[in-house]
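See below for the structure under consideration.
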Amino acid sequence: MTTQARPQKQTQKPKRTILVRRAPGKSAEAILQYGPLRMRAALGRSGITSLKREGDGATPRASMRLLSGYRRGDRMGAMPTTLPIRRLRRDMLWCDAPGHPAYNRPVKAPFSASHEKLLRDDTLYDVCIVMDWNVTMRRRGCGSAIFFHLARPGYTPTEGCVALSAADMRRLMPYLGTRTVMSVL
């Protein structure tokens, strides 16, 4: 009598979902939910859209995987997370020029095409998470630099990103990883 080993099931880690719903009566504010946690968030100045375009100021209605992130080392210490996080440097930029080959990609200074500085004077990108909006399946003019970052005081609107307070971002960071998906509904 021979015994055969049973094939072992491959277990995948479950996908973690962050839900973002527009706050009642406020087109540029949201309630972000992760499990039992609920937090106030800022959205794009034009609210949520299903037809995202470069410069429209809207947050895309989509499910976006979290890819990686940046942090400002002189203001933010190490962040407990399994997301790949890089410390920001002065030469780090993000191309937002639809006609450029590096559209919606990180680039280095000096860079002559239209771009966004990642190391900002304000605190918005002290923690900045890259969401998979128009990154892995890129289409020109469909929006760039859609990040999950820190909110301004009073949760004033973003240019199309999702933003949290620094305290709420610190609470959420340990749960974020490359299998985390943000669903803006």
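Values in this text are rule-based calculations from the coordinates and carry no lab data. Remember, it's a predicted structure, so these values are computed and weren't measured experimentally. A quick note on method: Cβ atoms are made from the backbone with ideal geometry, for glycine too, and the neighbour counts reach across all protein chains shown.
How much of the DSSP beta bridge set in region 16-184 is antiparallel, as a percent to the nearest 5? Don't skip to the answer; put the middle values down first.
Values: 28 of 42 bridges.
Expressed as a percentage, antiparallel bridges in region 16-184 total about 65.
Among K26, K52, what is the fewest-to-most ranking by other Cβ atoms within 10 Å? Could the numbers behind the result be given before it?
On the way: K26 15, K52 23.
Final ranking by Cβ density, sparse to dense: K26, K52.
Using the Karplus equation 6.51 cos²θ - 1.76 cosθ + 1.60 (θ = phi - 60°), what ³J(HN,Hα) coupling, rounded to whole Hz, does each residue of region 85-97 give in order, writing x for Gly and Pro?
Values per residue, Gly and Pro as x: 10, 10, 6, 6, 10, 4, 8, 8, 10, 9, 6, 10, 8 Hz.
Considering only the other residues whose Cβ falls under 13 Å of the Cβ of A166, what net charge follows from Lys and Arg at +1 and Asp and Glu at -1? Each step should come with its number before you reach the end.
Details: positive: R40, R71, R72, R75, R152, R170, R171; negative: D122, D126, D168.
Local charge sum for A166: +4.
Quick one: grab the alpha carbon gyration tensor of region 132-185, order the square roots of its eigenvalues as a ≥ b ≥ c, and give me rounded if a/c is under 1.5, else prolate or oblate depending on whether a/b is larger than b/c.
Because a/c hits 1.5 or more and a/b fails to exceed b/c, region 132-185 counts as oblate.
For region 21-76, what size does the Cα cloud have along each of its three principal axes, sorted from largest down, in whole Å?
Rounded to whole Å, the extents work out to 35, 31, 21 Å.
Which net charge results when you count Lys and Arg as +1 and Asp and Glu as -1 among the other residues whose beta-carbon is under 12 Å from that of A102?
+3
Among residues other than T17 whose Cβ falls under 12 Å from its Cβ, what is the net charge (Lys/Arg +1, Asp/Glu -1)? Walk me through the numbers before you get to the answer.
Working: positive: K15, R16, R65, R179; negative: none.
It works out to a net charge of +4.
Listed highest first by mean packing, meaning other Cβ atoms within 10 Å per residue, what order do 170-179, 71-80, 147-156 come in?
Highest to lowest by the protection proxy: 147-156, 170-179, 71-80.
With Cα extents along the principal axes in Å in mind, check (i) 73, 41, 37; (ii) 50, 34, 29; (iii) 44, 36, 30 and report the label derived from this structure.
Only one option fits the structure, namely (i).
Residue by residue through region 143-151, which ³J(HN,Hα) values in whole Hz follow from phi under the Karplus form 6.51 cos²θ - 1.76 cosθ + 1.60 (θ = phi - 60°), with glycine and proline marked x?
x, 9, 6, 8, 10, 10, 9, 7, 8
Could you give each residue of region 129-134 its phi-based ³J(HN,Hα) in whole Hz, using Karplus coefficients 6.51, -1.76, 1.60 with θ = phi - 60°, and x for Gly or Pro?
Taking θ as phi minus 60°, the curve returns 9, 7, 9, 7, 9, 6 Hz for region 129-134.
At 222 nm, what helix-only mean residue ellipticity would the chain give, in deg cm²/dmol to the nearest 500, using -39500 (n - 2.57) for each DSSP H run of four or more?
On the way: 1 runs with 7 residues, N = 185.
Helices in the chain give a 222 nm mean residue ellipticity of -1000 deg cm²/dmol.
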